[in-house]
1. Give the value in nm², to one decimal: projected area of the alpha carbon convex hull of the stretch A:1-100, averaged over all directions.
2. Counting partner chain Cβ atoms within 10 Å of every residue's Cβ in A:20-26, what's the average?
3. Which of A:73, B:65, B:30 comes first, and how do the rest follow, when ranked by fewest Cβ neighbours within 10 Å?
4. Sorted by mean Cβ packing within 10 Å, highest first, what order do the peptides A:129-140, B:66-77, B:167-178 take?
5. Where does the stretch A:22-78 land on Rg/Rh, using Cα atoms and the Kirkwood Rh?
6. When Cβ neighbours within 10 Å are restricted to other protein chains, what is their mean count per residue of peptide A:144-151?
7. So how do A:35-46, A:9-20 stack up, highest first, on mean other-Cβ count within 10 Å?
8. Which ordering of B:82, A:147, B:207 is given by a fewest-first count of other beta-carbon atoms within 10 Å?
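Bear in mind these aren't lab numbers, they're just calculated from the coordinates by the rules spelled out. As the structure is a computational prediction, the values presented were derived from the model and not from experiment. No Cβ is skipped: glycine too gets one built from the backbone with ideal geometry, and neighbour counts run over all protein chains shown.
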């Protein structure tokens, strides 16, 4: 269910309140950008996709059922927009996937735990590259399920609702995606969990 | 190569870090979004088609069986028209073809002969290489004489041609005559250069290709169409 805050926002958006839309954007921009970045692995594409998502929301908010979960609806629009984005402008990477890291993107590693240790910093860059490569190797649908499950921490029922598939199918996509990822990371032994943590 | 354990793979994948686009990016996000949406709205407005004029809405009101009935009537009417066009007793395209031929009789044999003779002259020039062959081997005097004859013959044929098909051949004969006149007037002292000029004219007007097409067309017109349906 939506929170009272969300419900209030939904009411105002449905009434065509422009300030509510700005509030909506400010509230969800990071969430949508984050998911778009995970799906596209490109800062510029993520911004493009996230803006497209908000434009779609603005145009089609009248189609939103007030009893539906706003978060799920936004996730669904974002995943679908990423899919459309890739179909419109497919780009090949070395891994043969349609996602890529642009050289103009901000560095994927934040200067945190590794900044004082060049060796660890190098290992960190390598680790990020391996993770990105593993994500790029899985299919678009498998990637979406994996990201929603392990990065967005959603349960399979919610993922199935977002992707409009059955829970069984979501399980299969997750299993297949994880199998490919495990194979890709087979020879890799990452740093101990205490050294780096996922935000 | 053994796979990682599931939990280990997930643990590694969760070490993924996303870049932070920075405060400036987030501060300007709304302005960029607003500008984009205004731009998109402008494009959509320009591309919008007036809805009341849309025939789709009208068609949506018509039931599907009405389309099927209309299609049936159209097929029936088309069948009647085709029947009338073929006419009673004439059940083959051979007959209708012969009837069309009688309306516009063409001197098919004469035209084909003219094109064949012209083609021989033109091919000898088109295939002549002044750098490697003896210019005298071309026997230009004979070709000039034949070209003159063909120019005269072309004038006679033009007078015989009429109708749409005739006009097509007439145009080709006119182009041919231009080239043949050039050949007839070649300077014997400047063979190589003159031949080159003629060859350029041939290529520019695609005369040889047009002759080949015309000959195929004439051949099919000569052959009896005895395939009865």
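1. Details: hull surface 25.6 nm².
Result: 6.4 nm².
2. Numbers: counts 0, 4, 3, 0, 0, 4, 3.
Neighbouring Cβ atoms belonging to other protein chains average 2 per residue here.
3. Working: A:73 19, B:65 8, B:30 15.
Placing the least packed residue first, the sequence is B:65, B:30, A:73.
4. On the way: A:129-140: 19.3, B:66-77: 10.3, B:167-178: 17.8.
By packing density, highest mean first, the sequence is A:129-140, B:167-178, B:66-77.
5. Values: Rg = 11.1 Å, Rh = 11.5 Å.
Reported Rg/Rh (Cα atoms, Kirkwood Rh): 0.97.
6. Working: counts 0, 0, 2, 2, 0, 1, 6, 4.
What the average comes to for A:144-151 is 2.
7. On the way: A:35-46: 22.6, A:9-20: 14.2.
With the highest mean Cβ count within 10 Å placed first, the list reads A:35-46, A:9-20.
8. Working: B:82 9, A:147 24, B:207 20.
Listed from fewest to most nearby Cβ atoms, that is B:82, B:207, A:147.
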